[in-house]
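Starting off with a structure, shown below.
The values are calculated or read from the model by the stated rules, or taken from the named source; none is laboratory data. All of these numbers come straight from a predicted model, not from anything done at the bench. All Cβ positions, glycine included, derive from the backbone under ideal geometry; neighbour counts span all protein chains shown. All accessible areas refer to the heavy atoms of the entire protein, side chains included, with ligands and DNA or RNA removed. Shrake-Rupley method; radii C 1.70, N 1.55, O 1.52, S 1.80 Å.
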Amino acid sequence: MKKFLIPILSIVVLSSCGTSKVATNGQNTSNSASSSLSKTDKAFQSAYQNIKLEDLKRNLYVIASDEMGGRDTGSAGQKKAGEYMINYYKSLGISFPKTLGSYYQKVPSEYMKKRGGEDLPDSENILAFIEGSEKPEEIIVVSAHYDHVGTQNGVVYNGADDDGSGTVAVMEIAKAFQSAKKAGNGPKRSILFLHVTGEEHGLFGSEYYSDNPVFPLANTVVDLNIDMIGRDDPENRGKNYVYVIGSEMLSSELKVINEAANKKTVNLELNYKYDDPKDPQRLYYRSDHYNFAKNNIPVAFYFDGIHEDYHKPTDDVEKIDYSMLQKRTQLVFATAWEIANREARIVVDKK
């Protein structure tokens with residue numbers, strides 16, 4: 001997650017952080033009969049079970065290894081991590097958006113330099129894609145940044161939580177959706193698995209995507225952004241929780257759907273502390289979801305909090321709580337599944 005704040009020209013007023021009324025079936029009460037998140041939904045349950053702790057761990061031990069050199073934007077180590085991710089998607093039979101022509105969306109050095117990126121080299125967003133079966137033109141984005149802060153004074157900053165955890169979660173969610181597709185139960189809407197670069201230097205990769213979208217932003221239904229979900233913070237030590245940020249900023253339905261998905265699956269404590277507009281951390285503006293939200297696309301940002309190893313060389317794989325990483329990944333998948341398969345596109349009814 002980006003350490004320093006971006007100047008904000010206009011402050012968006014956050015909505016109330018009180019608990020929404022949850023429909024018991026995981027969807028808006030007006031559409032209750034058609035909910036796809038039913039406990040009896042075998043397709044969902046089968047895909048959900050494909051999100052495995054051991055797979056998250058195995059991928060994270062590669063992504064956040066010393067071999068990747070801290071994955072600084074445009075570095076050889078980041079490119080090596082990207083190659084690993086692409087080979088993973090190829091092994092699953094998940095391709096890239098046809099209009100892009102490859103898994104890579106180049107983010108030019110000049111683009112980043114003009115936004116304060118100094119002498120960063122060219123880098124790449126990585127995009128994997130599963131086309132929807134009924135509403136392929138409507139796009140669900142599941143995002144995470146795969147860059148970190150590199151090597152400093154000869155010490156590798158591995159970024160296991162920030163944001164190795166989000167990176168492997170997106171990979172695992174893709175695997176779950178692909179398993180459903182192979183079983184003949186692919187999502188009705190298309191899913192874009194978006195790994196962005198340059199987040200630590202200024203949200204550059206997601207800004208570049210929003211300026212140069214592979215799919216029209218008007219067709220983008222939601223961005224579910226994952227940035228640090230493998231640890232806990234001192235305030236919540238030992239709890240089964242996740243911070244959810246921004247889920248009711250633009251849509252009256254997204255928070256309801258997420259809460260219902262949580263209730264039907266992992267039943268985490270959903271903490272809305274950072275939805276408070278007075279919170280000094282201003283986290284709503286500090287990760288990649290913001291570049292979707294500023295374009296009026298509903299977002300939910302999943303986050304574990306600021307812990308003692310944040311942006312330190314001690315953010316290592318050995319300190320990850322893999323059980324919590326799995327549960328939080330399952331929650332994002334369950335929410336994405338419902339949004340992808342419900343009859344109506346979620347509304348955008350707030351500003």
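So which strands (runs of 3 or more DSSP E) stay within the range 196-272 end to end and still have 1 or more residues that are surrounded by fewer than 19 Cβ atoms within 10 Å (Cβ to Cβ)?
Passing ranges, in order: 269-271.
From the list G159, G184, G150, pick out the single residue that is without any contact (Cβ under 8 Å) to a residue 24 or more places away in the chain and either open to solvent by 10 Å² or more (accessible area, probe 1.4 Å) or more than 16 Å from F44 (Cβ to Cβ) (or both).
G184
Could you tell me how many of the residues in the range 296-336 are open to solvent by 10 Å² or more (accessible area, probe 1.4 Å), of a type in the set (F, W, Y) and closer than 16 Å to M171 by Cα?
Qualifying residue count, the range 296-336: 1.
Further question on the same structure: Scan the range 169-215 for residues that are of a type in the set (A, V, I, L, M) and more than 20 Å from Y89 (Cα to Cα) and jot them down.
The answer is L203, and nothing else.
Do any residues in the range 43-59 that are within 27 Å of R342 (Cβ to Cβ) and touching a residue at least 60 places away in the same chain (Cβ under 8 Å) have Cβ atoms under 8 Å from those of residues that are open to solvent by 50 Å² or more (accessible area, probe 1.4 Å) and not small (G, A, S), where the two are at least six apart or on different chains, and which pairs are they?
If the second residue must be open to solvent by 50 Å² or more (accessible area, probe 1.4 Å) and not small (G, A, S), the pairs left are A43/N185; S46/N185; A47/N185.
Another question about this same structure. Which residue is most open to solvent (accessible area, probe 1.4 Å), if the candidates are limited to the range 56-81 and must be among the aliphatic types (A, V, I, L, M) and touching a Phe, Trp or Tyr at 6+ places or on another chain (Cβ under 9 Å)?
Looking at the filtered set, the residue picked out is V62.
Can you pull out every residue in the range 212-240 that is in contact with a Lys or Arg (Cβ under 9 Å, 6 or more places away or on another chain) and of a type in the set (S, T, N, Q)?
N240
What do you reckon, is A293 closer than 19 Å to V168 by Cα and under 16 Å from the mean Cα position of the chain (by Cα)?
no
Further question on the same structure: Restricting to the range 303-319, name every residue that is touching a strand residue (DSSP E or B) at 6+ places or on another chain (Cβ under 8 Å) and without any contact (Cβ under 8 Å) to a residue 60 or more places away in the chain.
Matches in the range 303-319: none.
Checking V142 against (1) open to solvent by less than 10 Å² (accessible area, probe 1.4 Å); (2) closer than 22 Å to K312 by Cα; (3) in contact with a Leu (Cβ under 9 Å, 6 or more places away or on another chain), which single condition isn't satisfied?
(2)
Continuing with the same structure: Does the range 115-127 contain at least one residue that is out of contact with any Cys (no Cβ under 7 Å at 6 or more places or on another chain), surrounded by fewer than 23 Cβ atoms within 10 Å (Cβ to Cβ) and farther than 27 Å from R286 by Cα?
Taking every residue of the range 115-127 in turn, none turns out to be out of contact with any Cys (no Cβ under 7 Å at 6 or more places or on another chain), surrounded by fewer than 23 Cβ atoms within 10 Å (Cβ to Cβ) and farther than 27 Å from R286 by Cα.
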